[in-house]
1. Among the numbered criteria (1) exposed (fewer than 13 other Cβ atoms within 10 Å of the Cβ); (2) under 21 Å from residue 157 (Cα atoms), which one does residue 42 miss?
2. Among the residues of segment 145-175, which ones are assigned to a loop (DSSP other than H, G, I, E, B) and either buried (at least 19 other Cβ atoms within 10 Å of the Cβ) or touching a residue at least 24 places away in the same chain (Cβ under 8 Å) (or both)?
3. Considering only segment 207-214, I want to know if a residue exists there that is within 30 Å of residue 68 (Cβ to Cβ), surrounded by 14 or more Cβ atoms within 10 Å (Cβ to Cβ), modelled with pLDDT of 95 or more and under 15 Å from the mean Cα position of the chain (by Cα).
4. Exactly one condition in (1) crowded, with 19+ Cβ neighbours inside 10 Å; (2) closer than 16 Å to residue 96 by Cα; (3) within 15 Å of the chain's Cα centre (by Cα) is false for residue 194; which is it?
5. On the given criteria, is residue 61 crowded, with 18+ Cβ neighbours inside 10 Å, touching a residue at least 40 places away in the same chain (Cβ under 8 Å) and in a strand (DSSP E or B)?
6. Step by step: first the residues of segment 181-191, then only those that are part of a helix (DSSP H, G or I) and over 17 Å from the mean Cα position of the chain (by Cα), then the one that is surrounded by the fewest Cβ atoms within 10 Å (Cβ to Cβ). Which residue is that?
7. In segment 1-21, which residue that is in contact (Cβ under 8 Å) with a residue 24 or more places away in the chain and farther than 26 Å from residue 64 by Cβ is surrounded by the most Cβ atoms within 10 Å (Cβ to Cβ)?
8. Is it the case, given these coordinates, that residue 178 is touching a strand residue (DSSP E or B) at 6+ places or on another chain (Cβ under 8 Å), buried (at least 19 other Cβ atoms within 10 Å of the Cβ) and under 12 Å from residue 100 (Cβ atoms)?
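The values are calculated or read from the model by the stated rules, or taken from the named source; none is laboratory data. Note that the structure is a prediction, hence the values are computed from the model and not measured. Here the Cβ positions follow ideal geometry from the backbone for every residue, glycine too, while neighbour counts run over all protein chains shown.
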């Protein structure tokens, strides 16, 4: 059964990185009670750099709780708590190989979210984990989570059931898309298929087009 385990938010906070002060919203903390989920974020949440975070196609970040045990064992840490990987929604029963770009999920009575792309980690995740190389390890694990766009706003509460209410006719999983972008970039036939997925975020479509164009120049 798919379930919402935790809602995690953070306003952008300043950190010092490479001698510069930057702002980041990666330090998510769980919130209790009913929370309003809006078109571009969750009540009480914010992003530090709107050029690369947030927006229509990366409004909400979800991460499977099943991966927490992997990272606990892999890193030898017992201090991992909800929101650890910067996710807005910690979810159960939604693994990357089982959900597809374009799938639509309902949470509670009103909220409808659509899968748009995998998450690509940046240096801020390494900063939070106090492991500079962690973003690379995170990406290579394929345990990256996924972004949603908001189709219908509404209230959500930790413990809500999540239901898949729509799937696209052309099904490509979050893991398949991630592999094509970073690990299987010579699979031009599938990349051509991937770039045409209606629900895929525009930035990922551009990435796939660039890969295909590079192939044509070789």
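1. The one condition residue 42 does not meet is (1).
2. If the condition is that a residue be assigned to a loop (DSSP other than H, G, I, E, B) and either buried (at least 19 other Cβ atoms within 10 Å of the Cβ) or touching a residue at least 24 places away in the same chain (Cβ under 8 Å) (or both), then 145, 153, 158, 159, 160, 167, 168, 170, 171, 172 are the ones that fit.
3. no
4. (3)
5. yes
6. Among residues in segment 181-191 that are part of a helix (DSSP H, G or I) and over 17 Å from the mean Cα position of the chain (by Cα), the one surrounded by the fewest Cβ atoms within 10 Å (Cβ to Cβ) is 189.
7. Going through the qualifying residues, I end up with 15.
8. So residue 178 fails the test.
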